Amino acid sequence: MNSPPPIPSSDHLRLQTCRALVIAGIILYVPANVIPVMTMTVVGRVEPLTVLGGVEELYHSGLPVIAGIVFLASIVVPFCKLATLSWLLIMHGSTECQQQRATARRIVHLIGSWSMVDIFLLSVLAAVGQLGVLASVVAKPGAFFFAAVLVCTIFASESYKPRMIWQTREPLET
Amino acid sequence: MTPDKSTDQTPIDHGEVVPHARRRISWAWVFPVLAAAATFWMFWSNWSSLGPEIEVVFDNAPGMEADKTPLIFRGMKAGEVTGMRLGKNLETVILTVRLEHFAAGLACEGTSFWIERPVLGLGELSGLSSLIQGNSLRARQGSGPPSRHFVGQDIPPLTPLDSPALVLNLQADQLPAIERGAPLFYRGIPVGTVEKLSFDATGNPTLRVVVEETYIDRVRTSSRFWPVPATSLKMGRGGLTLSILSLKALVLGGLKFDDFGEPGEPVHDEEKFILYADEKAARATGDLVKISFHDGRGIIAGETEIRYRGMPVGLVESVILNDDTQTVNSTARFEPEFAGLHNQGTVFTLIRPQISLAGISGLDTLLTGNYVDCQPGPAGETATEFAGLSSTDSGEEFAGSKVLGVPISLHAERIPHLGNGAQIFYRGLLAGRVIGMSLDAGNTPRLEAIVRPEFANLLTQNVRFWSVPPAEVQVGSGLMHLNLANLETLMEGAVAFDVFGPSEGKTRPASEFEIFATEAAARAISAPARITFENGQGLVAGSTQVRYLGLPVGLVEAVQPRNDQVEVVVRMNGGYETLLRAGSVFTIVRLKVSLDEGVTGLETALSGVYIECVPDKGGAPERKFAGVSSAEATFKENEQRGFEIIVTTPQTSITEGAPVSYRGLTVGKIGRKILASDGRLIGLRAIIDRPYAGLIRENTKFWNAGGVRISMGFLAFNVQSQWLDSLAGRGIAFATPNELGDRVRSGHEFELNQNPRREWLRWAPELPLNK
């Protein structure tokens, strides 16, 4: 094929949407990890927990496996998603590593359906963990930011279609 | 297919859309803007809620944790400990606390910080929440210029919320038992607490008291403070009153204050007050009055009251001997509203109890202590120096010639505890009073008493006096009575008298009597009889009774050992001397539990042992008896009405008192065991009840009955065990053949078989009973 297929005009919008969402995700990623996502009140003792703090807590309470899973799901995965999407967007239009990018996008897309598991877990905790005076779990603004990061990444990866990896600038200019 | 489709469509789309698409901006760019705004707002609001950072220095800071321990002010989280470090020389702990924005006001001088930890004290139970939430830092707001450095308090203040409303210093010569945290009451309402006990500059103990803000205006310059006893027991005519102020005061002590007289000005912080010894002292705030007495007996500084028409109006503050050692000077203070009572002409009389035939005057002093009566003269100038009188100055009214009554004297080895003025009763009527006590020449204590004239003709030689116990507990069968005499008897004791025995045969008048310890002792008027017992266990001189058919007829006067026996001196009540005859049987009845007879003498469990008397009908009067044991007595009793036979056996475990049965019916008892005439056999003397004597014939057969048989399978073992037998109540049984033999005489000997033959058990003769 001599000339690449023309780019549909909607893809420009998609690209912009994706960029906007990734930038928003990166911005939100900071408060999501700094602000407590929940407070655990155990026998009157109020303990605000950030995502990382929660992982630490789990690790110290003798649950390293669960701590690992949560760490993967709530810190590594969102970070990797944002990084991968950023990489895809930076490399957009280039002809390099197209195969790897396609694979990466597929993985991000695949993981996307699982990335809300953290928020789901938190909402279950907050609903179940109401033991009156003894213990209670309350979601904090951090959770909102965290969820927003995930929503951003999901829609970003959704709006970046696989075909856009192969859309290069050169044919457009000709 | 696909390339075709795309080539079909692209020319149309391409030409039209591209230029537009290049300029179009996605609405999604709103998201980064929103995200940035939200993040910024979040951080900004977090930052703006932060107040200043302060440092608090503690000697030690148990339970503090950086980034976790909250600073709590009025129950709200007002900050957080963000850091901890040790001070120079490692002597202090410095806590860094980040205050919330709204609590920035706490960062000012005067704010006190302390560590709330659980306190389980006597009077306080605080910081319980710390038990589960961990220790926390607390603050109480001050009102000084802003500051960043604070020194924490080691002890939590008692009034944690506000700055102390009103601090008072109470001074006393000696502090009563009062602890930190003790309540301060104003007319029963706790209005403050004791915060600190210390010494002031002059070395006097000082109480630092904090009064709550709401009650500040209750404290006036005229207020008087005194400690309250946590419990008080008041005794009066109305009975006993035990009052406990409050549980807290019980443990920590308490203070009270009130205004007497004109209320004064409101007070300022750090005002000094005097803590009075008690309420009476606090009430007496008026002028100092000096009263001199010839005799200061019964005046107690700080206790003796001054009364006007029975109302306490003042208190004696001090009693000192005058310089000329002839009079006693006392100083007293009046309550301010009664200041008008001490004018020229006021007569002060020291009231002490007085006893006369008419009764006791000043009896109230027995309960309340002596007091000084105040009789203001006609209106005149207020005076402060008086010469006091004494109510007994006029002489010993009750003694000597003034007495309108018959004097008598009562003596005893040991006179009961009686007060002067104790009442003397005759059958419940007040007949006289005790007026004095003395020792006569022979060192016998003696009670002097007077008896009203109308009872004088009762005072003959056969009158018996006894002391009435103030309280008496009577235990009867199933019932318990508590008798309390009247209040006067309770205080002073009482004496009663009566005539016992035959009243005919007028005896001559007398004025000297013996007084007995109890009514029962007084009733036992007969000449003493002596009874000897093997064992005198349970006999109590003065209280063990002699009973006849269950009725008390006498009393044990003395119990003493004699010749390895116990000799009991007994006196009988009037009319029962006839029981003391030769042949009368005296037995000690004790509680006895046995399987044969069950429980006997159960009443002695409550009343104590007693001596049962079984009189002989026609004996001559006798004064010496040998008491018998209970088994012997039963035997004797049976002997009188029974028919005696002797059953011989080589060896037996049958005990005295075992039943003798005929076809299961008990018709007699084994009286006692003897060695049979030739000495080879044991003889059991069986007493058969008279109605059944006809059952015993020459050919009657006796055998061992009862006992314990343990059967195993088809083999029957007769287990013989003395212990088991005695437990099961072994006896003997007999049967008489159908062909009746001759009747036997008393004392006939029979042989005891170990087991009955079968035909014996089938014997069923027709017997002429009761013939």
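The values are calculated or read from the model by the stated rules, or taken from the named source; none is laboratory data. The structure displayed is predicted, hence computed values, not measured ones. Positions of Cβ are backbone-derived with ideal geometry, glycine not excepted, and every protein chain shown enters the neighbour counts.
Among the residues of region A:37-44, are any facing chain B (nearest Cβ under 9 Å) and surrounded by fewer than 21 Cβ atoms within 10 Å (Cβ to Cβ)?
Within region A:37-44, the first condition is being facing chain B (nearest Cβ under 9 Å), and the residues that meet it are A:43-44.
Now restrict to residues that are surrounded by fewer than 21 Cβ atoms within 10 Å (Cβ to Cβ): A:43-44.
Scanning region A:37-44 turns up at least one residue that is facing chain B (nearest Cβ under 9 Å) and surrounded by fewer than 21 Cβ atoms within 10 Å (Cβ to Cβ).
Looking at A:TRP166, A:TRP87, can you tell me which residue is surrounded by fewer than 18 Cβ atoms within 10 Å (Cβ to Cβ) and in contact (Cβ under 8 Å) with a residue 60 or more places away in the chain?
Among A:TRP166, A:TRP87, only A:TRP166 is surrounded by fewer than 18 Cβ atoms within 10 Å (Cβ to Cβ) and in contact (Cβ under 8 Å) with a residue 60 or more places away in the chain.
Grab the strands (runs of 3 or more DSSP E) fully contained in region B:255-351, keeping just those with 1 or more residues being acidic (Asp, Glu).
Details: elements: B:271-274, B:288-293, B:305-308, B:311-321, B:328-334, B:347-351.
Counting at least 1 such residues, we get B:271-274, B:305-308, B:311-321.
With region A:68-174 as the region, which helices (runs of 4 or more DSSP H) entirely inside it contain at least 1 residues that are within 14 Å of another protein chain (Cβ to nearest Cβ)?
Values: elements: A:77-90, A:98-112, A:117-128, A:141-159, A:169-173.
Where helices (runs of 4 or more DSSP H) fall fully within region A:68-174 and carry at least 1 residues being within 14 Å of another protein chain (Cβ to nearest Cβ), they are A:77-90, A:141-159, A:169-173.
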Has region B:16-31 got any residue that is modelled with pLDDT under 85, more than 13 Å from chain A (Cβ to nearest Cβ) and more than 60 Å from the chain's Cα centre (by Cα)? no
Can you pull out every residue in region B:185-210 that is farther than 17 Å from B:LEU252 by Cβ and over 34 Å from the mean Cα position of the chain (by Cα)? B:PHE199, B:ASP200, B:ALA201, B:THR202, B:GLY203, B:ASN204, B:THR206
Residue under evaluation B:SER467, criteria (1) modelled with pLDDT of 80 or more; (2) surrounded by fewer than 18 Cβ atoms within 10 Å (Cβ to Cβ); (3) under 30 Å from the mean Cα position of the chain (by Cα), criterion not met: (2)
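Would you say B:GLU759 is within 18 Å of B:GLY668 (Cα to Cα), more than 60 Å from the chain's Cα centre (by Cα) and at pLDDT 80 or above?
Working: within 18 Å of B:GLY668 (Cα to Cα): no; more than 60 Å from the chain's Cα centre (by Cα): yes; at pLDDT 80 or above: yes.
In short, no.
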Take B:ARG414 and decide whether it is part of a loop (DSSP other than H, G, I, E, B) and over 17 Å from B:PRO509 (Cα atoms). yes
Tell me whether region B:81-92 contains one or more residues that are within 14 Å of chain A (Cβ to nearest Cβ), surrounded by fewer than 17 Cβ atoms within 10 Å (Cβ to Cβ) and not polar (S, T, N, Q). no
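Any chance you could count how many residues in region B:728-753 are of a type in the set (Asp, Glu) and farther than 20 Å from B:ILE674 by Cα? Steps first, please.
Of all residues in region B:728-753, those of a type in the set (Asp, Glu) come to B:739, B:742, B:749, B:751.
Checking which are farther than 20 Å from B:ILE674 by Cα leaves us with B:739, B:742.
Result for region B:728-753: 2.
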Give all pairs with beta carbons closer than 7 Å in which a residue from region B:419-432 that is over 11 Å from B:GLU454 (Cβ atoms) meets a residue that is among the acidic types (Asp, Glu) and not in a strand (DSSP E or B); count only pairs at least 6 apart in sequence or on separate chains. B:GLY419/B:GLU492; B:GLY421/B:GLU492; B:ALA422/B:GLU492; B:GLN423/B:GLU488
Residues that are under 41 Å from the mean Cα position of the chain (by Cα) and without any contact (Cβ under 8 Å) to a residue 24 or more places away in the chain: find the strands (runs of 3 or more DSSP E) completely inside region B:493-592 holding 1 or more of those. B:551-562
Against the conditions (1) out of contact with any strand residue (DSSP E or B) (no Cβ under 6 Å at 6 or more places or on another chain); (2) assigned by TED's automatic domain parsing to the domain that holds B:PHE425; (3) at pLDDT below 80, where does B:GLY608 fall short? Just the number, please. (2)
All-but-one check, B:SER653 against (1) at pLDDT below 80; (2) touching a Gly at 6+ places or on another chain (Cβ under 7 Å), failing number (2)
Within region B:43-70, take every residue that is of a type in the set (S, T, N, Q) and within 11 Å of chain A (Cβ to nearest Cβ) and give me the one that is nearest to B:LEU137 (Cα to Cα). B:THR69
